[in-house]
Amino acid sequence: MQLLTLASVSRTWRTIAIRHRSLWTRIPELSLTEWGMDTMRKTRKLLQLFLERSGELPISIRCEVDKRGWRMGPKIARETFRMLTDQCHRWKSARIKMPIRFIEELDSIRGKLPVLSHLEFFGTKSIVKSGGKEYILDHFSDAPSLRDAVVHTRYIFEGVDPAFKVVLPWPQLEHFSEASFSGRSYSDLVKEQPQHLRKLVYKVQHTPDLSLWTPLLLPSLERLRIRVGLPGPAILSHLDLLALPALVDLEIRGTFAPADPLYSKVLALIRRSGCSLERLALDGFNAQEGVFSSILSSCPKLTSLDIANVESEPLQVLVLDTGSLAPVVPKLNNLVIRSRKVEGVNSIIDSKALVRLIKSRTTGIPGGGLGQIEPLREVNFVWDDDEMLHLQLALLELEDEHMFPHETRPESVLRHLASTARAKLKTKIFYAERSLVDHLNVKLHLKLSQQLKGLEQVALAEGDSRVLTVSR
């Protein structure tokens, strides 16, 4: 504990530390778990020390409860937990992790949270019977200062999905994040159309029916992150109801079929809202020709783009024309390309188109990116299959004559040797679906041996050896 160490330096330092009550407002985490109960006497003493020395200042608390720890000493666990709840009128920030079956231990805090501004609630697994009982977390519904809330209840029940409801002061929230099985909190929040909501994160395992709502206006929402389970397309009709004029960051993740019109829905949302995105992250497929280019044209301030299942057409659209009066997304500096398996099969990106794109936004920019055009600084690849990722990188490196036109001949030779050897290793030797024939193929091994000998003869001190570590 750094604060206790500080107070142990000398009598003067100890006196100063004790007098500065603000130093003691971050209460040590209370762990009423199987492991935490072993040191409960020390924990209670330390908790009491911080509560006393912080005076009446607002405090930040963190607490974790599990059923095994509680059963080890239910009396001392309840008494220790009550030490925190008795000070709930001072809670400014609270992070609580507990099984839903223990939420009655929070009953005493209802209506006694005048300064609580930040809440994180994580429901841990509980074994309950499916008998129609509704579980309600409404203990924070009367918190006039609450602005930020994170509610994570996705894995709270094992084997059943009983009715579970979270009640918060929805109209006053500015940031809200939900990770749940059924997404009921999201529904309650957006129906209130909170005027000051700026960030909304929605992660749901089973997407509820959101199509029968009326149009929704969220005037201050800047960041919307949606990650849905099954069915993924259920979220698409909901997008038609939203108007988000302040939106700058949009992310939609889920399981979508090639025919699902995700890109068309996003384009309609942008046009209806009149917003200009700075970050866009989409799963799904660019099925309709021209929609992707229209999205980019509507977002001239876009700096970060994250897309999946990329074919040649989007890559060609992203190629930067430095001579154009209105170049496509001139501020783009971060690109993420993802590959999702479609019916168990990974797609291979058009390496030539990708190299042309990267070159146009790096070495192809006159003056190194001064003025209205910014260079591409980072390209990330995210694949479900590591083997396929390395194969894709090997194919990309084989386009060296396009990506590195100014290399000297030794550097180009080294790059070619490295790329061909890497491709052979990944596709024939270390590939998960390699055959016994490949392992026993003498010609294949001789060819690989020649390539490796060529690499061994390279004088690394005379050239750039970084090409050997591109796909480490």
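For Asp142, are the conditions met, namely being more than 25 Å from Trp24 (Cβ to Cβ), assigned to a loop (DSSP other than H, G, I, E, B) and open to solvent by 40 Å² or more (accessible area, probe 1.4 Å)? Against the criterion (more than 25 Å from Trp24 (Cβ to Cβ), assigned to a loop (DSSP other than H, G, I, E, B) and open to solvent by 40 Å² or more (accessible area, probe 1.4 Å)), Asp142 qualifies. For the range 94-105, the count of residues that are assigned to a strand (DSSP E or B), charged (D, E, K, R), buried (at least 18 other Cβ atoms within 10 Å of the Cβ) and at pLDDT 90 or above is at least one. Filtering the range 197-216 for residues that are open to solvent by 30 Å² or more (accessible area, probe 1.4 Å), assigned to a helix (DSSP H, G or I) and either of a type in the set (Asp, Glu) or touching a residue at least 40 places away in the same chain (Cβ under 8 Å) (or both) leaves an empty set.
Yes or no: the range 34-53 includes at least one residue that is open to solvent by 70 Å² or more (accessible area, probe 1.4 Å) and closer than 30 Å to Leu168 by Cβ. Within the range 34-53, not a single residue is open to solvent by 70 Å² or more (accessible area, probe 1.4 Å) and closer than 30 Å to Leu168 by Cβ. Taking residues in the range 236-264 that are closer than 24 Å to Lys191 by Cα and in a strand (DSSP E or B), and partners anywhere that are of a type in the set (D, E, K, R) and open to solvent by 30 Å² or more (accessible area, probe 1.4 Å), the pairs with Cβ atoms closer than 6 Å and at least 6 places apart or on different chains are Ala243/Arg272; Asp249/Arg223; Asp249/Arg279; Glu251/Arg225; Arg253/Arg227. Only residues that are small (Gly, Ala, Ser) and modelled with pLDDT of 80 or more were counted in the range 1-45, giving 2. Is it the case that Glu52 is in a strand (DSSP E or B) and of a type in the set (Asp, Glu)? The answer is no for Glu52. Going through (1) closer than 30 Å to Ser351 by Cβ; (2) touching a Gly at 6+ places or on another chain (Cβ under 7 Å); (3) open to solvent by 40 Å² or more (accessible area, probe 1.4 Å) one by one, Pro245 falls short only on (1). From the list Ser304, Ser293, the one residue that fits, being out of contact with any Asp or Glu (no Cβ under 8 Å at 6 or more places or on another chain) and of a type in the set (Ser, Thr, Tyr), is Ser293. Filtering the range 285-307 to residues that are open to solvent by less than 50 Å² (accessible area, probe 1.4 Å), without any contact (Cβ under 8 Å) to a residue 40 or more places away in the chain and not aliphatic (A, V, I, L, M) leaves Phe285, Asn286, Gly290, Phe292, Ser293, Ser294, Ser298, Cys299, Ser304.
Can you find even one residue in the range 74-88 that is at pLDDT 95 or above and closer than 21 Å to Ile18 by Cβ? There is at least one residue in the range 74-88 that is at pLDDT 95 or above and closer than 21 Å to Ile18 by Cβ.
Hey, among the residues in the range 74-93 that are closer than 9 Å to Pro58 by Cα and open to solvent by less than 50 Å² (accessible area, probe 1.4 Å), which one's nearest to the chain's Cα centre (by Cα)? Once the filter is applied, the top-ranked residue is Ser93.
Residue pairs whose Cβ atoms lie under 7 Å apart, separated by 6 or more positions or on different chains, with the first residue in the range 50-74 and within 23 Å of Arg26 (Cβ to Cβ) and among the β-branched types (Val, Ile, Thr) and the second part of a loop (DSSP other than H, G, I, E, B) and open to solvent by less than 10 Å² (accessible area, probe 1.4 Å), are Ile59/Ile27; Ile61/Ile27. The residue of the range 252-281 that is most open to solvent (accessible area, probe 1.4 Å), among those that are basic (Lys, Arg) and over 13 Å from Glu222 (Cα atoms), is Arg271. Restricting the range 358-402 to residues that are surrounded by fewer than 12 Cβ atoms within 10 Å (Cβ to Cβ), at pLDDT below 75 and over 22 Å from the mean Cα position of the chain (by Cα), the residue that is nearest to Ser324 (Cα to Cα) is Gly371.
The values are calculated or read from the model by the stated rules, or taken from the named source; none is laboratory data. This is a predicted model, so every value here is computed, not measured. Every residue, glycine among them, receives a Cβ derived from its backbone with ideal geometry; neighbour counts consider all protein chains shown. With ligands, DNA and RNA removed, areas are computed over all heavy atoms of the protein, side chains included. Shrake-Rupley method; radii C 1.70, N 1.55, O 1.52, S 1.80 Å.
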